[in-house]
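Quick notes on the structure that follows.
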Amino acid sequence: MEFPGLFNYWVAVVLMMAGFYIVIAQGNLIKKVVGLNIFQVSVFVFYISMGKVKGGTAPILDEGIQLYSNPLPHVLILTAIVVGVATTALALALVVRIRDAFETIEEDETDALEAEDEAR
Amino acid sequence: MAVTAFGLIRIRNLFAVAMLFGVFSLVAALLYVIMDAVDVAFTEAAVGAGITTVLMLGTLALTSSVEKTHGPRNLLAMAVVLVTGAGLIYGTLDMPAYGDPDAPIHRHVADRYIGKSGAEVGPPNVVTSVLASYRGYDTLGEVTVIFTAAVGVLILLGRGRGRHTRRRPEDEPELWRGDERRLRDHRETEL
């Protein structure tokens with residue numbers, strides 16, 4: 001399957017904007033975490049697509065293969081995926097605590113409760 | 001993949017969101033295989049589709065699984081997103097084409113990693129050599145981040161949980177439990 005030259009970047013941009021929209025426009029905190037994850041995956045796709053060499057194979061050394069894809073972005077993204085899960089876990093733990101404290105995970109409701117507290 | 005992402009924007013039921021996010025991660029893993037990143041695909045399938053989904057389901061079990069419906073679409077947010085997206089697309093016009101072997105990213109250390117890692121480090125998988133040897137400090141930093149995150153989660157969800165709820169001394173406990181209207185009535189009678 002052949003795509004025109006810049007299609008991979010556009011896929012990453014569209015995904016990134018989908019994640020961005022979820023983060024800024026949706027009030028539910030779990031939804032926001034999902035949006036952040038989508039944003040993150042778009043960056044991963046961007047990196048991995050930059051590492052691809054046309055006609056290359058996966059970077060596992062073997063006899064008779066001359067052309068490999070670039071292993072460096074793969075390494076960086078491996079690290080990033082694992083770190084991403086760690087931060088996601090932290091974010092979800094924060095959501096659980098917010099739910100404990102406010103009885104809701106909708107941003108506008110927590111804002112209203114905070115404003116009420118400050119008004120006192 | 002974009003379809004699942006847009007589905008995630010629309011769906012209100014958070015259980016379905018968690019499931020759809022698993023699908024999204026698996027599609028991403030497939031995409032990585034197509035682009036020769038098999039190690040990344042393994043990790044994404046195991047960690048992204050597996051652990052993240054489990055974490056989300058756990059959170060849903062501890063919170064609520066239905067999102068509140070909101071009013072009209074957020075037009076300002078949509079405008080910001082579209083402008084940013086247009087700017088990024090404009091930025092990609094100067095980028096090297098997909099799969100171009102002469103792109104700047106392939107000009108620097110990649111050749112050395114591919115050419116010499118077999119002799120210098122050993123494992124045939126170049127990604128392994130780079131991860132564990134050439135960029136070992138990155139991996140050390142990664143482990144530090146994970147450790148910090150684990151400590152944070154334990155602090156947040158550990159022993160102290162439930163003691164720091166948002167109590168107001170002057171209100172009856174059942175009043176602040178989400179029942180906004182009763183709270184307001186209560187305050188009006190006080191005034």
Check: Under a plain spin-label model, where a point goes 7 Å from the Cα along Cα-to-Cβ, how far apart in nm are B:Phe147 and B:Asp102?
Finding: 4.7
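Please work out how much length the chain gains when fully extended from B:Asn74 to B:Asp138, using 0.36 nm per residue of separation minus the C-alpha to C-alpha distance, in nm with one decimal. Walk me through the intermediate numbers first.
On the way: separation 64, 0.36 × 64 = 23.04 nm, distance 3.97 nm.
Stretched fully, the B:Asn74-B:Asp138 segment lengthens by 19.1 nm.
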Checklist line | Choice from A:Gly56, A:Gly19, A:Gly27 with maximal GNM fluctuation in chain A (Cα, 10 Å cutoff) | finding: A:Gly56
Checklist line | Other protein chain Cβ atoms within 10 Å, averaged over every residue that makes up B:132-144 | finding: 2
Checklist line | For the range A:1-85, alpha-carbon Rg over 2.2 N^0.38 Å | finding: 1.33
Checklist line | Choice from A:Asp100, A:Asp62, A:Asp108 showing the highest fluctuation, given a GNM over chain A with Cα pairs closer than 10 Å | finding: A:Asp62
Notebook entry, point to check: Over chain A, what is the relative contact order in whole percent, taking alpha-carbon pairs under 8 Å and six or more residues apart?
Noted result: 23
Note to self: What distance in nm separates the two pseudo spin-label positions at B:Lys116 and A:Glu114, each 7 Å out from Cα along the beta-carbon direction?
What the structure shows: 5.2
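Using the membrane-span-like helix rule (whole DSSP H runs, Cα extent along the own axis of at least 15 Å, mean Kyte-Doolittle hydropathy at least 0.5), which helices of chain A qualify? Present the calculation step by step, with values, prior to reporting the outcome.
On the way: long enough: A:7-25 (27 Å, 1.95); A:29-51 (34 Å, 1.47); A:71-102 (46 Å, 1.68); A:107-119 (18 Å, -1.50).
TM-like helix candidates: A:7-25, A:29-51, A:71-102.
Between B:Ile155 and B:Ala61, 0.36 nm times their residue separation minus their Cα-Cα distance comes to what?
Values: separation 94, 0.36 × 94 = 33.84 nm, distance 1.95 nm.
Taking B:Ile155 through B:Ala61 to full extension adds about 31.9 nm, to one decimal.
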Next item on the list: Pop the C-beta distance of A:Leu67 and B:Thr92 into the FRET formula with R0 = 30 Å and round what comes out to the nearest 0.05.
Entry: 0.75
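Since every read-out is calculated from the coordinates, none of them should be taken as a lab result. What you are looking at is a predicted structure, and each value in this text was computed from that prediction instead of being measured. Note that each Cβ is placed from the backbone with ideal geometry, even for glycine, and that neighbours are counted across all protein chains shown.
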